[in-house]
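Beneath this line is the structure, given in structure tokens, with notes to follow.
The values are calculated or read from the model by the stated rules, or taken from the named source; none is laboratory data. Everything quoted here is computed from the prediction, not taken from an experiment. Neighbour counts are summed over all protein chains in view; Cβ atoms, including those assigned to glycine, are modelled from backbone coordinates with ideal geometry.
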Amino acid sequence: MTIAWELYFQAQGLAPAARCGQQGCTLKQPHVIVAKADESGHHEQPRRQLTGFCEDCWRHTHLRHGREDVADMSFLFNAGVFKKSTRIDPRARLKGRVTDNEFRSFVDSCLKANKSPGPDGYTNECVKTMSHAELEVLRAWANEILALEGARVMTVEEMNGTISLLHKGGTTDDKPQDWRPVVLLNCTNQLVMHILNARLRSIVEKAGILEPGQSGGRQGRSTDINLAKLEWVTQEAVAQGRRSLSS
């Protein structure tokens, strides 16, 4: 059952443009299958990995081919959707060393208590109760990743996550679609992602790229405001005997 769920969730999460990497093959998506992982170390249990199989060339293929490809976006450019992107400060960067006070503020505000830990087993409370000397060691590690020059890539162990299944609340629980997968990341990984997200949000908000109606995922805004506007527009349309359309 576990393998069946892995196959289902991986197939659901394939990039729309996922395809076989062999030259001359069709652009249809490969089938997700389970294969034995290449072992570089010693493990008590044989490891497995999800890979793809192309029914066109009849070969195994990588599932990540084509993940960076997107559909035709010319209609968005023609509509002027990206005109506001010219307002972005050319000096703004996502990378850059984080200061002591800045790092402490991220630890205090972004790492919530009573959350399940990632694969390393360390909870957010463990980081939030660290001494200043211990936090300096963690900040030095974060700055290795966030450095403008000579930054290193996070390792597989640092980026690893544990998948936990949450029931969607239906009347059944024996099908994969009854469950929603949630990835539990290491708190140190989350901390770096919070820093990058805050910097990206600052760049986008200052440039005024997002539309005023975009409320989800933005600080100081709420989708409740949009729902209230929609309810008011609907009531006015009913009172005037007119139709209201929303997208």
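A few points about this structure:
- Complete set of residues in the stretch 163-204 that are touching a Ser or Thr at 6+ places or on another chain (Cβ under 8 Å) and either part of a strand (DSSP E or B) or polar (S, T, N, Q) (or both): SER164, PRO181, VAL182, VAL183, LEU184
- Just one of the listed residues (VAL153, VAL137, VAL233, VAL183) is more than 20 Å from the chain's Cα centre (by Cα), closer than 27 Å to PRO119 by Cα and not basic (Lys, Arg), namely VAL137.
- The lone criterion from (1) part of a loop (DSSP other than H, G, I, E, B); (2) of a type outside the set (D, E, K, R); (3) surrounded by 13 or more Cβ atoms within 10 Å (Cβ to Cβ); (4) at pLDDT 80 or above left unmet by VAL81 is number (4).
- Of all the numbered requirements in (1) on the phi > 0 side of the Ramachandran plot; (2) at pLDDT 90 or above, ASP108 misses one, and that requirement is (1).
- As a summary of the residue check, THR162 satisfies the conditions (1) touching a Gly at 6+ places or on another chain (Cβ under 7 Å); (2) within 24 Å of GLU102 (Cα to Cα) except for the one numbered (2).
- Selection of the stretch 49-78 for residues being charged (D, E, K, R), surrounded by 12 or more Cβ atoms within 10 Å (Cβ to Cβ) and under 30 Å from ASN160 (Cβ atoms) yields ARG59, ARG64, ARG67, ASP69.
- Scanning the stretch 93-132 for residues that are exposed (fewer than 15 other Cβ atoms within 10 Å of the Cβ), of a type in the set (S, T, N, Q) and touching a residue at least 12 places away in the same chain (Cβ under 8 Å) yields a single hit, SER116.
- The stretch 217-246 residues that are farther than 30 Å from ALA198 by Cα, paired with ones that are among the polar types (S, T, N, Q) and not in a loop (DSSP other than H, G, I, E, B) (beta carbon under 7 Å, 6 or more apart): SER244/THR234
- Residue match in the stretch 139-154 (condition: touching an Asp or Glu at 6+ places or on another chain (Cβ under 8 Å) and surrounded by 15 or more Cβ atoms within 10 Å (Cβ to Cβ)): yes
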